[in-house]
């Protein structure tokens, strides 16, 4: 797309402002141009007549105004116009209150959220604001901290902590980032005495202390060993513990999966005839086709990401390097990132529709390699995904007649 993303623009500026506050260097020119763009968009914004879209538009405007206030350039005229609107969402009012508080008008902020609910109906947004009810509660927490409403803020911290600890509840990076940032602001505003604890791994006991509210310890685990772990809290307050395990599935151990998304993978020769890629002659040129279909169960899909990783014995024929990209009428998604051995395709998919993507490949190097399974997912909703099982492939030297 050629148009800027409203929420993404504010989010990027928010990141730059936070980086400056932490002592990192950010170009004055970048921030100056960002402020100019944000101010123009803030002045242009009007309440949309389409109320179905209104929910997203008012929150985007409130976030824009908040980030301008954070940058020390509050747009008070636009803030006052928005405050007079009767039907803006709960989230927008809390965000706008933060903008007023940061702009040095705490009374206006308190008046805006007086008796305003802190409850948000559950939702997941794949586009527009990329948010969720948990992300919006983090926005509310940030406002409560700015207004020094510590009792209400603590209750919101408890809600967010419970959500973050829920292993069955998936969160997008947007939700996690905002939740952790807001909780971090709350913790930094409170007096703390540090934490201390003892952990025991395989009979070896270790004592640890930290003045920080969060500490992480890496445990040396080799292979699939079973190691009993016990932890004793020696702090004066509560201690919350999380054990994180990460690993890569063994070759061929991946499980094929389809969830609210259909996907077909097909390999063909350059004439379109299906071929078996488990054993290819060196120098063979062929195509990898992936067709993704929206079954229509959840409406239109935004921000889908298709990941294709190819074995090191295959080469991607990148038509961008040969200036041939415009000569072939094939779907390359809304954006395509071509690397040495993998291709990432980002696209939207309307309800009931399908899109097919083709990658040109050459079996270049002889040997035995592993072809990972193709994976497609909605970037902001993990209930929409499809993946295939990987397989071992071989490239053999061409037989000369």
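Please treat every number below as a calculation from the coordinates, not as lab data. This structure is a prediction, so every number in the text was calculated from the model and none was measured. Here the Cβ is made from the backbone with ideal geometry for all residues, glycine too, and neighbour counts use every protein chain on show.
Below are the figures for this structure:
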item: Most fluctuating residue given options 285, 190, 149, as computed from a GNM of the chain linking Cα atoms under 10 Å; result: 190
item: Overall Cα dimensions of the range 147-205 - principal axes, largest extent first, Å; result: 48, 31, 17
item: Net lengthening on full extension, residue 161/residue 257 (0.36 nm per residue, minus Cα-Cα); result: 31.5 nm
item: Using alpha carbons only: equivalent-ellipsoid semi-axes of the range 353-401, gyration tensor based, whole Å; result: 32, 14, 7
item: Förster radius 25 Å - calculated FRET efficiency between residue 312 and residue 397, Cβ distance, rounded to 0.05; result: 0.95
item: Whether the range 114-273 is rounded, prolate or oblate, judged on the alpha carbon gyration tensor where a/c under 1.5 counts as rounded; result: oblate
item: Calculated semi-axes √(5λ) of the Cα gyration tensor in Å (choose from [x] 32, 29, 21; [y] 50, 26, 22; [z] 45, 32, 19), label; result: [z]
item: Computed Kirkwood radius, in angstrom, where 1/r is averaged over Cα pairs of the range 192-247; result: 12.6
item: Distance between the range 301-322 and the range 130-178 - C-alpha centres, whole angstrom; result: 37
item: Pairwise centroid distance, computed over Cα atoms, of the range 186-215 with the range 69-101, Å; result: 39
item: Gaussian network model of the chain, Cα within-10 Å springs - most flexible of 287, 11, 24; result: 24
item: Theoretical FRET efficiency, 1/(1+(r/R0)^6), r = Cβ-Cβ of residue 281 and residue 354, R0 45 Å, to 0.05; result: 0.90
item: Cα centroid separation - the range 106-122 against the range 247-298, whole Å; result: 50
item: Where labels lie 7 Å past Cα in the beta-carbon direction, separation of residue 19 and residue 364 in nm; result: 3.3
item: Length released on extending from residue 334 to residue 121, taking residue separation times 0.36 nm less the Cα-Cα span; result: 73.5 nm
item: Within a Gaussian network of the chain (alpha carbon springs, distance under 10 Å), most fluctuating of 174, 282, 204; result: 204
item: Förster-model FRET efficiency, 41 Å R0, residue 196 and residue 248, C-beta, rounded to 0.05; result: 0.75
item: Overall form of the range 316-401 per C-alpha gyration tensor (a/c, 1.5; a/b vs b/c); result: oblate
